[in-house]
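Reading through the structure tokens given below for one structure.
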Amino acid sequence: MDDIDSLTKFLKKSEVWFKYEILDLLRAKTLQALHIDFAELRKMTTEELLKIPYEDNGEISEKFPKFAAFIKECNEMSIMNTPPAALPERAIPSELFHKVKEKKAYELSQIMPLILTELEKAKVETVIDIGCGVGNMLRILNHFGYYTIGIESDHLYAELARNNNPKSDIIETHLDNDNIFDLLVNLQHNRDTPTAIISLHGCGDLQSTILTLFTSVDRVDFPVLVTVGCCYNKRNSAEILSEAVAKSLNDNELHISPSAMRLAGDRGLQFWKDQPKETLEFHANCMFKRAMIHLCFSDRKNYRNYRGRIGDLPDDPALFAQTMLLDYEGQHNGRLTSSQQHDLTQKVQAYQPCKPWIQRLAIMQAALQGPLESLLQLDAYHYLLENGRPTARLVPVFDATRSPRNMAIVYNAAD
Ligand SMILES: C[S@@+](CC[C@H](N)C(=O)[O-])C[C@H]1O[C@@H](n2cnc3c(N)ncnc32)[C@H](O)[C@@H]1O
């Protein structure tokens, strides 16, 4: 799926579902869209609602054709539905996955064979892992005889990466567009051997920073790049990198906001389809509670995050308000006046009727994750094509139900 224009048009049509911050989730526009554009959503029982995206049993699609068509279109627009590519087979000794969590072990067992093959193709000897975390990829690469350098901004992770990989160089630093070029060029010159850049689930700005380095093609040349992005909502700006995507967004008057980025970092329908109904209900309830916190505390900028688990907050409006107050007062060493307390309780109660909508909203948002994620992936991919890397590829490396940021961007000078 590489039709940026139809993807953008579809997202424009659906923009009401991601245009607003969480604060606005319950506000008029979004609810209005539910009422007018998706009147049939209101008629569905929760049972039916949960069936549509997950079981195409015809009967329900016939009863609610508009919603079913929306879900179908979302799926068609999503590159995340693509099953993992036929990746190279590679035996990685099981002791290298010792103490690695199940999800990470799955990701490593999928992506490492791809990386090893790309390194061999380009006859690379040194690998730089950007945002290396605790150094799981370094360990596997060291085993296969590569010289490895890990770059990590988090002190604790950098220490762990060092302890786990005595043979690797671990550099503790926060990379950004201003320092990445000098740092990586120096590293490459010091080694004087072909050097690859890899990064698995580099969050926020990290992937765009890495891609920006690759546009400096005349001054620096790394023969291999394999990167998978993550947490797009943590980007400093919702900046689009490629001309192709920027033009299409502009032509269709679609502004990709940070809240859209947040959606693209969510788990998507692909994930939810395998969850029991209770899990989705729990998630919807959490969304409601989070929206309540933002609404009720919108004027108290430094209180946006409840310290405990959102899901553990009581459902009862009065108890909910009371718990929030105690947490707020605990964090701010002060008490709200009784009229402020009263206001809060009233607000929480006033929004209770919105609660049944949240589940619908959660499904609409989950459905849109695929198309939004696709737009961001195509953006990164086209950016490389437009900037002197015509053989760049998008490779589906993970099953999106197991690891939703599942597309690797791969470039190899030997292709
Ligand atoms: C989602 S984790 C992935 C860790 C590891 N690659 C893995 O797959 O297990 C992203 C890592 O990138 C690091 N990171 C994020 N932004 C960074 C930056 N600008 N410079 C260096 N490290 C960064 C984070 O501290 C975190 O350890």
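Of the residues T148, T345, T126, the one that moves most in a GNM of the chain with alpha-carbon contacts below 10 Å is T345. The helix-only estimate of mean residue ellipticity at 222 nm for the chain, built from DSSP H runs of length n ≥ 4 each weighted as -39500 (n - 2.57), is -15500 deg cm²/dmol after division by the residue total. Stretched out straight at 0.36 nm per residue, the stretch from T337 to D221 would grow longer than its current Cα-Cα span by 35.5 nm.
A simple spin-label model places the labels of S153 and R307 2.6 nm from each other, with each point 7 Å out along Cα-to-Cβ.
If you restrict to DSSP beta bridges whose two residues both lie in the chain, what percentage is antiparallel, to the nearest 5? Here the share of antiparallel DSSP bridges comes out near 30 percent. Between L361, L313, L384, which gets the highest mean-square fluctuation from a Gaussian network model of the chain, Cα cutoff 10 Å? Of L361, L313, L384, the most mobile in the Gaussian network model is L313. Residue-wise HN-Hα couplings along region 339-345, as the Karplus relation 6.51 cos²θ - 1.76 cosθ + 1.60 with θ = phi - 60° gives them from phi, are 6, 5, 4, 4, 4, 4, 4 Hz; Gly and Pro carry x. For region 262-365, the alpha-carbon coordinates run over 46, 26, 21 Å along the three principal axes, in decreasing order.
State, as an integer percentage, the relative contact order of region 223-265 based on alpha-carbon contacts under 8 Å between residues 6 or more apart.
In percent, rounded to a whole number, it is 61.
Multiplying the residue separation of Q352 and E120 by 0.36 nm and subtracting their alpha-carbon distance yields 77.6 nm. Pairs over the 29 Å Cα-Cα cut-off, from the set K121/K247; K12/K101; K19/K72; K51/K347: K121/K247; K12/K101; K51/K347. Of the peptides 314-326, 199-211, 149-161, the ranking by mean beta-carbon count within 10 Å, highest at the top, reads 199-211, 149-161, 314-326. Could you state the angle between the C-alpha long axis of helix 65-76 and the longest principal axis of the C-alpha atoms of the chain, as a value from 0 to 90 degrees rounded to the nearest 10? That helix lies at roughly 10 degrees to the long axis. Region 58-126 and region 365-415 have their alpha-carbon centroids 11 Å apart. Comparing L313, S403, I36 along the charge dipole axis of the chain, the residue lying farthest to the positive side is L313, per the Cβ-charge model.
In a GNM of the chain with a 10 Å cut-off on Cα contacts, which of N164, N333, N81 has the highest mean-square fluctuation? The residue with the greatest mean-square fluctuation here is N333.
With Cα atoms as the point set, the chain shows a radius of gyration and Dmax of 23.4, 71 Å.
Normalising the average separation of contacting C-alpha pairs (under 8 angstrom, six or more residues apart) by the number of residues puts the relative contact order of the chain at 23 percent. Label positions at L385 and E253, each projected 7 Å from the Cα along the C-beta direction, are separated by 2.8 nm. Considering only Cα atoms, the convex hull volume of region 120-250 works out to 116 Å³ per residue.
Every read-out reported here was derived from the displayed coordinates using simple, explicitly stated rules and does not represent laboratory data. Everything numeric here is computed off the predicted structure, so don't read it as measured data. Neighbour counts run over all protein chains shown; Cβ positions are idealised from the backbone, glycine included.
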